[in-house]
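S.K.: Structure provided below as structure tokens; questions to follow.
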Amino acid sequence: MPLFIYNTLTQKKEEFVPLHPNEVKMYVCGVTPYDEAHLGHGRAYVTFDIIRRFLEYSGYKVTYIQNVTDIDDKLINKANGERRTVNEIAQQYFDSYLEVMEKLGVLNPTRYVKATEHIPEMVKWVKGLEAGGYAYQIDHDVYFEVGKFKDYGKLSKRKLDEMRSGARVEVDSRKKDPFDFALWKGAKEGEPSWDSPWGKGRPGWHIECSVMSTKYLGESFDIHGGGLDLIFPHHENEIAQTEALTCKPWVKYWVHNGFVNVDKQKMSKSLGNFFTLKDIFKKYDPMVVRFFLLSTHYRSPIDFSDDQLKAAEKGLGRLRDTIDRIQFVMDSIEKPKESHGLDSKLLELDEDFIIALNDDFNAAGAIGVLFEIVAFANKIMEENPSDKALLLKIRKSLIGYMELLGLRVEGRDRSKTCPDNSEEIEKMIAEREAARKNKDFKKADQIRNDLLKKGIILEDTAQGVRWKGIT
RNA sequence: GGCGCGGUACCCAAGCGGCUAAGGGAACUGUCUGCAAAACAGUCAUUCGGCGGUUCGAAUCCGCCCCGCGCCUCCA
């Protein structure tokens, strides 16, 4: 079954054919660690985590590189403001980023690469661009001359002339063209700097991605990703630098995720309408947040709201609960009895799930299939509760697919909520059962209430009493 | 002004030329129950922003209009 990926470069869904059979090289623009990661970051990295996981599931060997911009203006400003070093700030927030990603179920890339650890390579690149006639020096800065790169604008579908006539263009009279961008910035007082042929300074923002991606993935590779807001100018500039130097097509598939909105507006630092992941996790299980993020296609905008997080909490809870419930029913089976011919329905659903992901990583569609599997499981538990073999398969599918989506199955269920007092709970349930048998409903209800206060919900089912924590 | 994205039920959302317009949440009804709860089941868009067009056939393609958003400056 072929995989289709929407490519920003061609503005079409294309069949995915990697440059080298069975392996995929992907690069995703990472964070500038100068503050806590917010939901928008969460969406981006969950998106590429799903892409990575599904590619691996499909049999590819994936090399996934993500950069860390640990030197830039924002970092310098923050460091100066707090009288700390850039390095301290970067380390602090990068550690925090790793922690929060781990909670969100985002697997580590094959490798995180830091800008400050690749300065000599960047200097070499800037020298190369200068030698090739694509760059010019002004004082201690070096700029890339966009007019020299004929394909400039091919990713963002812009033409230089049209942009120049646009209203908002920063004015720096020293530059030959307003869209020329810095490859190297001469150091100002008190800024971290490195030696270079142009004097002490630091790299411009865009060059790091070109240098590090090609270093680890080669001069041409399969997938480059990032948020929609990076298309221009960041990715456009990256293409210009890289292809100017290597004279080769650089990236085959450009993948961009949509924004997280708040009241229809983009969540962003500058608007101040952002919610950090750390804060959201105080209220919601990180898996709920992941589930929420996955229930909208990665390219569409997603509106952040409490109501939708609550809906996600319910939905994920039902998925996890079903897995528990199937186990509970299986445990009560004394004489397994196979009901023949029902497996084909599960096979069909299995296929639907994979079809969805093959269609531009449609996790939202795939989650829809998960709930159809839940409905099928309920049907079997109702009509053929002794079919252990089939129930086992259904449960395995459900668990496997949730894991493929990076959704941890265990959550605030019985074992998590009360790992220490489950014996006590079982004892109380037995007491209640005895009371019910004696028609001492007052006592039975009392016990039920006591448990509810501890956050335990009882379920009187055909197979006996089942309990779980409040989700 | 240029470029791009989107408008599907009460809310969210998949579907992007043809089987009954997925699925989740809410609501309502029912099953189970000593009663509840939980769980489960059923109901919930003859219709996809509006108007035209193409087609045997359109939510899906084309044109125009209305509305919302994003990028064009750092931003996932």
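The values are calculated or read from the model by the stated rules, or taken from the named source; none is laboratory data. From a predicted model like this one, the values you see are computed outputs, not experimental measurements. Reconstructed Cβ throughout: ideal geometry from the backbone, glycine too, with neighbour counts over all protein chains shown. Surface areas here come from the heavy atoms of the whole protein model, side chains and all, with no ligands, DNA or RNA. Shrake-Rupley method; radii C 1.70, N 1.55, O 1.52, S 1.80 Å.
S.K.: State the number of residues belonging to region A:276-291 that are surrounded by fewer than 18 Cβ atoms within 10 Å (Cβ to Cβ) and under 21 Å from A:Val31 (Cα atoms).
M.R.: 4
S.K.: Quick check on my filter: what residues within region A:396-437 are surrounded by 19 or more Cβ atoms within 10 Å (Cβ to Cβ), part of a helix (DSSP H, G or I) and at pLDDT below 80?
M.R.: A:Thr417
Matching residues to (1) near RNA strand B (Cβ under 8 Å from one of its atoms); (2) more than 19 Å from A:Met402 (Cα to Cα):
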| site | (1), (2) |
| --- | --- |
| A:Ile280 | no, yes |
| A:Met287 | no, no |
| A:Thr296 | yes, no |
| A:Pro301 | yes, yes |
| A:Leu309 | no, no |
| A:Lys314 | yes, no |
| A:Asp321 | yes, no |
| A:Ile326 | no, no |
| A:Asn358 | no, no |
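S.K.: Can you tell me which residue in region A:3-41 is surrounded by the most Cβ atoms within 10 Å (Cβ to Cβ), limited to those that are under 16 Å from A:Ile51 (Cβ atoms) and in contact with a helix residue (DSSP H, G or I) (Cβ under 6 Å, 6 or more places away or on another chain)?
M.R.: Selected residue: A:Tyr27.
S.K.: Which of the residues that make up region A:219-237 are polar (S, T, N, Q) and open to solvent by less than 10 Å² (accessible area, probe 1.4 Å)?
M.R.: Within region A:219-237, just A:Asn237 meets the criteria.
One line per residue, one yes/no per condition, for (1) of a type in the set (D, E, K, R); (2) open to solvent by less than 50 Å² (accessible area, probe 1.4 Å):
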{"residue": "A:Leu293", "(1), (2)": "no, yes"}
{"residue": "A:Ile302", "(1), (2)": "no, yes"}
{"residue": "A:Lys314", "(1), (2)": "yes, no"}
{"residue": "A:Glu338", "(1), (2)": "yes, no"}
{"residue": "A:Leu342", "(1), (2)": "no, no"}
{"residue": "A:Leu347", "(1), (2)": "no, no"}
{"residue": "A:Asn358", "(1), (2)": "no, yes"}
{"residue": "A:Gly365", "(1), (2)": "no, yes"}
{"residue": "A:Lys379", "(1), (2)": "yes, no"}
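S.K.: Which pairs do you get when a residue that is closer than 16 Å to A:Lys124 by Cα, found in region A:223-246, comes within reach of a residue that is more than 6 Å from RNA strand B (Cβ to nearest atom) and in a helix (DSSP H, G or I), reach meaning Cβ atoms under 6 angstrom, with the pair 6+ apart or on two chains?
M.R.: A:Glu238/A:Cys209; A:Glu238/A:Ser210; A:Gln241/A:Ser210; A:Thr242/A:Ser210; A:Leu245/A:Gly128; A:Leu245/A:Leu129
S.K.: Something else: Please determine, by comparing only the residues of region A:42-91 that are of a type outside the set (Val, Ile, Thr), more than 23 Å from A:Met267 (Cα to Cα) and buried (at least 22 other Cβ atoms within 10 Å of the Cβ), which one is farthest from RNA strand B (Cβ to nearest atom).
M.R.: So the residue we want is A:Leu55.
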